[in-house]
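Heads up, the thing below is written out as structure tokens.
The values are calculated or read from the model by the stated rules, or taken from the named source; none is laboratory data. Small disclaimer: the values here were computed from a predicted structure and weren't measured. Virtual Cβ from ideal backbone geometry, glycine too; neighbours counted across all protein chains shown. When the accessible area is computed, the model is the full protein with side chains, heavy atoms only, and any ligands, DNA or RNA have been set aside. Shrake-Rupley method; radii C 1.70, N 1.55, O 1.52, S 1.80 Å.
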Amino acid sequence: ANFSEQVVESFPSDISTGIYYGWACVGNGDVHKMVLSIGWNPFYKNIKKSVETHIIHTFKEDFYGEILSIVIIGYIRPEKNFDSLEALISAIQEDIEEAKRQLDLPEHLKLKDDNFFHLPEGKIVNNH
């Protein structure tokens, strides 16, 4: 789930590029573990900074246009380039496993139920 350019530009400029972990919620749905990449994705030679959220959950359908709420809890590693797509995929899998370990800690689990993730009553998102 990629954030729009407008959202990326509104992120605080002092946030370091790299890989983070935290919690994510689509619309008023369940809260799931996530890994977040902030940066230029050097393997793909992006020229614009991006913020990409990998929600650690399999959704039954696309959620384009829905509100994506995230809470960044911690930092995993700096952004880096890779020699191959296989090396990139391997690093992503390691990042996901590290995020799962960290988010299972009691001090991080309690943030999953924060009121931040609950949209106000009556808020309609994508006709839902």
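Here are a few things to note about the model shown:
- Tally of residues being more than 9 Å from the chain's Cα centre (by Cα) and not in a loop (DSSP other than H, G, I, E, B) across region 1-18: 7
- Of all residues in region 35-87, those being touching a residue at least 24 places away in the same chain (Cβ under 8 Å), farther than 21 Å from H108 by Cβ, assigned to a loop (DSSP other than H, G, I, E, B) and of a type in the set (A, V, I, L, M, F, W, C) number 5.
- Any hit, region 35-46, residues being touching a Lys or Arg at 6+ places or on another chain (Cβ under 8 Å) and at positive phi: yes
- Condition check for D30: open to solvent by 40 Å² or more (accessible area, probe 1.4 Å), touching a His at 6+ places or on another chain (Cβ under 9 Å) and of a type in the set (D, E): yes
- Restricting attention to region 74-87 and to residues that are open to solvent by less than 40 Å² (accessible area, probe 1.4 Å) and touching a helix residue (DSSP H, G or I) at 6+ places or on another chain (Cβ under 8 Å), the residue that is farthest from T53 (Cα to Cα) turns out to be F82.
- S90 fulfils the conditions (1) over 28 Å from D113 (Cα atoms); (2) open to solvent by 40 Å² or more (accessible area, probe 1.4 Å); (3) part of a loop (DSSP other than H, G, I, E, B) except for a single criterion, (3).
- The lone criterion from (1) open to solvent by 80 Å² or more (accessible area, probe 1.4 Å); (2) within 18 Å of F117 (Cα to Cα) left unmet by L68 is number (1).
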